[in-house]
Amino acid sequence: MSRAVFRPVRRLPLALLAGSALVAPFALSPPVPVAAAGPYTVTALKVTVRAGDRSCTLDTDVYRPAGVDAAHPAPAVLTTNGFGGSKADGSTGGPARALAARGYVTLAYSGLGFGKSGCPISLDDPDIDGRAASGLVDLLAGTLTADDGTRLDYVSQDGPGDPRVGMIGASYGGAVQLATAAVDHRVDALVPLITWHDLSYSLAPNAAGRTHGHGGGPPGAYKWQWTNGFFLIGEAQGLLHPELDPSRTGGAGCLHFVARACETKRLLDSGRYTAGRTRAVLRYARSVSPVSYLASVRAPTLLVQGQADTLFNLNEAAATYRTLRGRGTPAGMIWQAWGHSGGMRRPADGELDLARGNLDTSYVGRRILAWFDRYLHHRRAAATGPAFAYYRDWAGDGPAYGTAPAFPAGAGRRLYLSGDGRLVGRRAEVVRGDREYRNLRMPTSHSESSLAGLLGLPDVPPYDARGTFLDWTSKPVAGGPLEVVGAPALTLRVVAPAAARRQSSPDAADRLVLFAKLYDVAPDGGATLLHRLVAPARVADVRRRFTMELPGIVHRFGPGHRLRLVIAASDDAYAGNRGVEPVTVSAAPRDTGVLELPVTRGVLP
């Protein structure tokens, strides 16, 4: 295999973005025209709401089921687009049509800064995007009229000014639900799909020091491919909509982002993480993330997260789930197959497809309907399903989803890093030894080209250049398959003298960065990087042992397959290490690295 470094272009031309599917990356099909059809009608309304210190006009469509009127009201559902999309996207209109056909009043709208809605992009800030959606709750309550004077008086009410309303949406349309519920307790039920818990982790992940999706120190490795893609999508809005509302002008040098989002992007691009600047980026990124406001969310929440997702991995949903449940908020969690990674491919057969709106015929769709039945129709006998469910791509003719009454589902089982490159099941099997790799000045490993699928471009298989990584491989799995469900954890000690000398630097970017990843090695030697997921870690103190939380997985290692752990110096989808330096990993029976795996079935080799 060629060792040439594959590096996608950092600055994609706006013209390319304007002509590609990337402009609506989370609509799972091309936009579908809105029209009156079947058992409901659709009315387009402009609605001006307060959002932070601004007035913003939202472009909305109200889906009204036949027979619903003031004398025969129905519960309502709000839905909005993913980043770069609008109310017309399949991922917005699909659920709106499906829910309207089932008797829900559905209000689909283009989020702030997208479609024909006003105001700049503010990253689902609860004080801006959340307040804007709260204004739409006022519309559903009949206490606010649309700009043309239209008043909605046919939504079920739990009290004066309190409509019975749920929310559904994916990615950017997922986080806004939690932001809205945090500032408006009239929201009765949420279904956020494939969204984030903490943007500081999503965009510059640091797996070191994280436990159950929480924690971590300074920004880790900057996820520049995903971030630049989104930035260009946002800035391209002027090309896509040349007659934009003037209110959408951004700040701090950005065309369409609020100033603080623009400043955060500039800081990440700089690669300099001095204490004051680091606190600023973490503070802002977290302020627009559920991690900072979940304590205010009371609405029952069904989280749906994708296994194929290098942008918002499974750990994000798990952290939100744990927080909500820990505070007594009803919550369920489903790990489905599809996420942001892999481009515009349709979901697997039988999976929820938002564009098709196949709520009745998919497992996840039926769970969503049951959730709304319970919390919007107040049907207390409606069974909302198990606390945790996960898609199994190996199920064959059996049920596609495994379930568990609680999360996590797997029991922790350990493998140990031996000095001879093996992963072994007992400390006594560890061979004493030192192994070394070296950081170089350029990326020498490849996991994915984050935007390749969205742009319809091919991607090369993952690789690591010789001398810039270490790996440890287990014996073949025997006695039946091994099934792992959850987030593996790696405890490690490294020796990196140059990095140790830099630890007194006020710039956290001077600290050592490394990347952990897990492969399935087939009997023929073919190695598969599981969903192309990697765990970057910026090591706070290389003189001490540290623990990394790897991205969650749902995977079956078949009989004869082996597990391979890789520690690499770099990854070309991320900005990470500086300089040239050696890194050593030592092993001894009483002091070695430990890989812990959440096993639901089988025995570790």
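The values are calculated or read from the model by the stated rules, or taken from the named source; none is laboratory data. What you see is a predicted model; the values in this text were computed from it and never measured. Neighbour counts run over all protein chains shown; Cβ positions are idealised from the backbone, glycine included.
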Residues located in region 380-407, provided they are in a strand (DSSP E or B), surrounded by fewer than 20 Cβ atoms within 10 Å (Cβ to Cβ) and among the aliphatic types (A, V, I, L, M):
Ala404
Residue that is nearest to Ala221 (Cα to Cα), among those in region 494-515 that are among the charged types (D, E, K, R) and touching a strand residue (DSSP E or B) at 6+ places or on another chain (Cβ under 7 Å)
Arg511
Mind counting the residues in region 218-252 that are over 14 Å from Leu203 (Cβ atoms) and in contact with a strand residue (DSSP E or B) (Cβ under 9 Å, 6 or more places away or on another chain)?
7
Considering residues of region 74-97 that are of a type in the set (A, V, I, L, M) and more than 25 Å from the chain's Cα centre (by Cα) only, the residue surrounded by the fewest Cβ atoms within 10 Å (Cβ to Cβ)
Ala74
Got a sec? Which of Val495, Val460, Val484 is in contact (Cβ under 8 Å) with a residue 12 or more places away in the chain, surrounded by 19 or more Cβ atoms within 10 Å (Cβ to Cβ) and β-branched (Val, Ile, Thr)?
Val484
Please count how many residues of region 29-72 are at pLDDT 95 or above, basic (Lys, Arg) and either under 21 Å from Val183 (Cα atoms) or not in a strand (DSSP E or B) (or both).
1
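Being basic (Lys, Arg) and farther than 23 Å from Ala499 by Cβ is the filter here, so list the residues in region 431-468 that pass it.
Answer for region 431-468, where residues must be basic (Lys, Arg) and farther than 23 Å from Ala499 by Cβ: just Arg432.
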Counting only residues that are touching a strand residue (DSSP E or B) at 6+ places or on another chain (Cβ under 7 Å), not basic (Lys, Arg) and not assigned by TED's automatic domain parsing to the domain that holds Leu457, give me the helices (runs of 4 or more DSSP H) lying completely in region 256-344 with at least 3 of them.
314-326
Which one of these does Glu448 not meet: (1) in contact with a helix residue (DSSP H, G or I) (Cβ under 8 Å, 6 or more places away or on another chain); (2) exposed (fewer than 14 other Cβ atoms within 10 Å of the Cβ)?
(2)
Options Leu415, Leu455, Leu451: the member that is in a strand (DSSP E or B) and outside the structural domain of Arg186 (by TED's automatic domain parsing)
Leu415
Quick check: anything in region 199-209 under 30 Å from Arg322 (Cα atoms), touching a Gly at 6+ places or on another chain (Cβ under 8 Å), at pLDDT below 80 and of a type outside the set (Ser, Thr, Tyr)?
no
Residues of region 166-198 being β-branched (Val, Ile, Thr), touching a Pro at 6+ places or on another chain (Cβ under 7 Å) and buried (at least 24 other Cβ atoms within 10 Å of the Cβ), which ones?
Ile168
All but one of (1) under 19 Å from the mean Cα position of the chain (by Cα); (2) hydrophobic (A, V, I, L, M, F, W, C); (3) farther than 26 Å from Arg322 by Cβ hold for Ala252; state the number of the condition that does not hold.
(1)
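May I ask you to say which residue of Gly209, Gly215 is outside the structural domain of Pro347 (by TED's automatic domain parsing) and without any contact (Cβ under 8 Å) to a residue 12 or more places away in the chain?
Step by step, each of Gly209, Gly215 is checked, and only Gly215 is outside the structural domain of Pro347 (by TED's automatic domain parsing) and without any contact (Cβ under 8 Å) to a residue 12 or more places away in the chain.
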Quick one: is Asp147 in contact with a Lys or Arg (Cβ under 9 Å, 6 or more places away or on another chain), assigned by TED's automatic domain parsing to the domain that holds Gly82 and either not in a loop (DSSP other than H, G, I, E, B) or not acidic (Asp, Glu) (or both)?
no
How many of the residues in region 98-127 are within 22 Å of Pro163 (Cβ to Cβ) and surrounded by 24 or more Cβ atoms within 10 Å (Cβ to Cβ)?
13
Please verify whether region 421-441 includes one or more residues that are at pLDDT below 95, buried (at least 21 other Cβ atoms within 10 Å of the Cβ) and in the same structural domain as Tyr574 (by TED's automatic domain parsing).
yes
Restrict the check to region 517-528 and report whether at least one residue is surrounded by fewer than 21 Cβ atoms within 10 Å (Cβ to Cβ), touching a Phe, Trp or Tyr at 6+ places or on another chain (Cβ under 8 Å) and of a type in the set (Val, Ile, Thr).
yes
Restricting attention to region 117-136, report how many residues are assigned to a helix (DSSP H, G or I) and either over 26 Å from Ala261 (Cα atoms) or of a type in the set (Ser, Thr, Tyr) (or both).
1
